[in-house]
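The values are calculated or read from the model by the stated rules, or taken from the named source; none is laboratory data. In this text, all values refer to a predicted model and were calculated from it rather than measured experimentally. Note that we place each Cβ from the backbone using ideal geometry, even for glycine, and neighbour counts take in every protein chain shown.
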Amino acid sequence: MPVLYRTHRPQKWSEVIGQDSVVDTLKDGITNKRLAHAYLFSGSRGTGKTTVARIFAKALDTNDEDVYEIDAASNRGIDDIRELREHVSVSPFSSAYKVYIIDEVHMLSKDAWNALLKTLEEPPKHVIFILATTELDKVPDTIISRCQTFTFKKPAREIIRKEIVRIAKKEGYDLDAGASDLVALLGDGSFRDALGMLEKVISTSADKKLTREEVERITGAPRAGLVNAFIESLITKDADKALKCVSDAEVAGISISTFTVLVLEKMRFILLVQSSASSRDSVKDRVSPDDWQFIDVQAAKKLLKVSMLVSMLEAADRIGRAKIEQLPLEMAVVGICAA
């Protein structure tokens, strides 16, 4: 089957999702003929930087032969940039502009940066550079100061979820609420990663109905039952059971970070439902029937405390920096159950 991210990559402004402020500013610049000679797009992977760069070039009526995409990860040396500097002086073939899209630009060497800086200081009028990076802190200030900068934010999970559902339907598949929500969560703010997971699930599915259980099995995500058991043990302050759930997740090779995020999401839903009747319908629409039953039962007990979520949030924040990944979660369990 075709790669979903490429097949469904936006081709025009109206198809770009979750980056409204960036799109509006770029469109206004073209409409009002206020173009910069260099743009810097920064943001995490899969947020649409290269896609928007291509659409921007197309909106300038730049033909494909005058659009050049360069991967700085494999063209990072000074010789590569010197060759680029010689190339930019040549007039476009058939367009008003030559557009150079340099992806992962933070990978350039120090000498390459210095060579590129000279080009950015005195660029030919027919050249527009679009630099894209996932690590803005590695881009020299001298480069940043010569670019019009745009930050691509991670789209909200609900935005990704809706897009996942739309694309799945277009491909002839139906995701249940739990499946689409889990794929969106595992995508971690990246359309590309989320669509990659959807593609993986579709390629191994026996039918056109995709369930959360299939997503869990195929992606290696924590089973809902393990997440539920952990949450219930926290609510009842059963430290032994909760710590066994953490151990089971570790033995199964499940990412403790992902496990914690799934726990937090479900705890959040329980807190919302137990605190506000108006939240019931919105939460119910987001989860599978089995998950809703668990959430509804736990919410009715009204035993989940805000302090429990605070402890879990602190653990989630520390996991990525911990020498022992599961330790912050285990500490949170002990603290919650001892309180």
Notebook entry, point to check: Which ones in the range 289-305 are closer than 20 Å to LEU175 by Cα and surrounded by fewer than 20 Cβ atoms within 10 Å (Cβ to Cβ)?
Noted result: PRO289, ASP290, TRP292, GLN293
Check: Somewhere in the range 300-320, is a residue outside the structural domain of GLY178 (by TED's automatic domain parsing), without any contact (Cβ under 8 Å) to a residue 24 or more places away in the chain and of a type in the set (Ser, Thr, Tyr)?
Finding: no
Margin query: When you check VAL88 against the structure, is it within 19 Å of ILE143 (Cβ to Cβ) and hydrophobic (A, V, I, L, M, F, W, C), yes or no?
Written below: yes
Notebook entry, point to check: Quick one: would you say GLU250 is touching a helix residue (DSSP H, G or I) at 6+ places or on another chain (Cβ under 9 Å), assigned to a helix (DSSP H, G or I) and under 18 Å from SER288 (Cα atoms)?
Noted result: no
Notebook entry, point to check: Looking only at the range 14-39, which residues are assigned to a helix (DSSP H, G or I), surrounded by fewer than 16 Cβ atoms within 10 Å (Cβ to Cβ) and among the hydrophobic types (A, V, I, L, M, F, W, C)?
Noted result: ILE30
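Okay, residues lined up against (1) outside the structural domain of LEU108 (by TED's automatic domain parsing); (2) within 27 Å of LYS27 (Cα to Cα); (3) in contact with a strand residue (DSSP E or B) (Cβ under 6 Å, 6 or more places away or on another chain):
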{"residue": "LEU136", "(1), (2), (3)": "no, yes, yes"}
{"residue": "CYS147", "(1), (2), (3)": "no, yes, yes"}
{"residue": "GLU163", "(1), (2), (3)": "yes, yes, no"}
{"residue": "ARG166", "(1), (2), (3)": "yes, yes, no"}
{"residue": "ASP174", "(1), (2), (3)": "yes, no, yes"}
{"residue": "ALA179", "(1), (2), (3)": "yes, no, yes"}
{"residue": "VAL183", "(1), (2), (3)": "yes, no, no"}
{"residue": "LEU186", "(1), (2), (3)": "yes, no, no"}
{"residue": "GLY189", "(1), (2), (3)": "yes, yes, no"}
Next item on the list: Kindly establish whether ASP290 is of a type in the set (D, E, K, R) and either touching a residue at least 12 places away in the same chain (Cβ under 8 Å) or more than 27 Å from ARG212 (Cα to Cα) (or both).
Entry: yes
Item checked: Residue pairs meeting the criteria (Cβ under 6 Å; at least 6 apart or on separate chains; first without any contact (Cβ under 8 Å) to a residue 40 or more places away in the chain, in the range 255-269; second surrounded by fewer than 22 Cβ atoms within 10 Å (Cβ to Cβ) and of a type in the set (A, V, I, L, M)) -> PHE269/VAL283
Item checked: Every residue from the range 236-245 that is surrounded by 20 or more Cβ atoms within 10 Å (Cβ to Cβ) and in contact (Cβ under 8 Å) with a residue 24 or more places away in the chain -> ALA242
Check: Within the range 276-302, how many residues are farther than 26 Å from SER257 by Cβ and either of a type outside the set (S, T, N, Q) or modelled with pLDDT of 95 or more (or both)?
Finding: 11
Next item on the list: Would you be able to say whether some residue in the range 228-246 is under 29 Å from SER21 (Cα atoms), among the polar types (S, T, N, Q) and part of a helix (DSSP H, G or I)?
Entry: no
Notebook entry, point to check: Given the structure, is ARG85 under 17 Å from ALA132 (Cα atoms), part of a helix (DSSP H, G or I) and in contact with a Lys or Arg (Cβ under 9 Å, 6 or more places away or on another chain)?
Noted result: no
